[in-house]
1. Quick one: Debye curve from the C-alpha atoms of the chain, no solvent, what's log10 I(q)/I(0) at q = 0.12, 0.16 Å⁻¹?
2. So how tilted is helix 10-21 from the main axis of the chain? Cα-based, degrees 0 to 90, rounded to 10.
3. Based on Cβ point charges of +1 for Lys and Arg and -1 for Asp and Glu, what charge dipole magnitude is obtained for segment 56-186 about its Cα centre, in debye rounded to the nearest 20?
4. Among the Cys residues of the chain, which have no other cysteine Cβ under 4.7 angstrom away?
5. Loop by DSSP (not H, G, I, E, B), at most 15 other beta-carbon atoms within 10 Å: where is the longest site-free stretch of the chain for GluC sites (Glu not before Pro)?
6. Which value, in Å² rounded to 10, gives the accessible area of residue 203 with a 1.4 Å probe and all protein chains present?
7. Using Cα centres only, tell me the gap between segment 151-221 and segment 89-138 in whole Å.
8. In nm², what is the average projected area of the convex hull enclosing the Cα atoms of segment 89-171?
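The values are calculated or read from the model by the stated rules, or taken from the named source; none is laboratory data. Model, not experiment: these values are computed from the prediction. FYI the Cβ positions are ideal-geometry reconstructions off the backbone, even for glycines, and counts take in every protein chain you see. Areas reflect the complete protein model, heavy atoms only, side chains present, ligands, DNA and RNA absent. Shrake-Rupley method; radii C 1.70, N 1.55, O 1.52, S 1.80 Å.
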Amino acid sequence: MAALKEKRTCGQKCEDFGRFVWNSDEGTAFGRTPEKWVYISLYYVAFYVVMTALFSLAIWTLMYTLDPYAPDYQDRLKSPGVMVWPDTYGEEVVEITYNTSDKASWMKMKNIMDEFLKPYNDTKQLECNTYNCTKGKYFIQNTFSAPNHTKWACPFTQSMLGACSGFEDPTFGYNSTMPCVIIKMNRIINFLPTNHTEPPPYVNCTVLDGQDNVDNIEYFPPNGALDLSYFPFYGNLAQPTYVNPLVAVRFNLVKEKLAKIQCRVVSKQISYENYHDPYEGKVVFSLKALK
């Protein structure tokens, strides 16, 4: 039977560890001579320098091939989404409900509209977007002719929303039964909503439920048109002062003052029947005025 290995004391273990850290007889530290430690250190320094250089080269090559002004792949968005303000979105539907006799209720709607329209202030728009755009034509720009290597953007002012601009009626109709909503089509880079022979896209709102509760629908700008001069959009970097064109819609609510409404951007290039994306090309919301 093999003899049992002699159990070492704590002092002996500490002595062995000290000899491993520095062995004066062999001139080694942690099992290697200083010369070997120099060689292995140089090896790892060179290894990580090469790896860092390769990684940096790969990132530089990737960034060099990317266009800073537009994403390489945009196949997910073929038609723009549509949104409505006041943006009182619920869990699944948009519910615009207010009380004409409760100042806090309709002031909430007014404040949402005021905040949303701040970038459209007439003075601000005419200061930052000074180019005289040609209405009814696509604003195609093949060069960066605007200041700071950018492209021009056409001004869209708050006053273009007429009776729903907040100038004639600062409450946007929310202290009465004639509320205004604002329809905005989301941006897609280089998207053209029509071909060159079709009329410009326009917003059309239909009452899905409660037709008897809506007496009249008005559009601002007239006919709910989105002028072609605001297209195409070239991206935030190329057009830092660009703002989306808007259409304001005013409803005259009567009787029960409750309706379910669909507002659609009408164009052959914009689909609106995507079951998986209820906001593609259209937006559905309920509008209700309480007393």
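1. Cα-only, vacuum Debye calculation for the chain: -0.87, -1.27.
2. For 10-21 against the chain, the angle is about 80 degrees.
3. The calculation lands at about 400 debye.
4. Unpaired cysteines in the chain: 10, 14, 128.
5. The segment 169-255 is the longest one with no such site.
6. 0 Å²
7. When both Cα centres are located, 10 Å separates them.
8. Its average projected convex-hull area is 8.6 nm².
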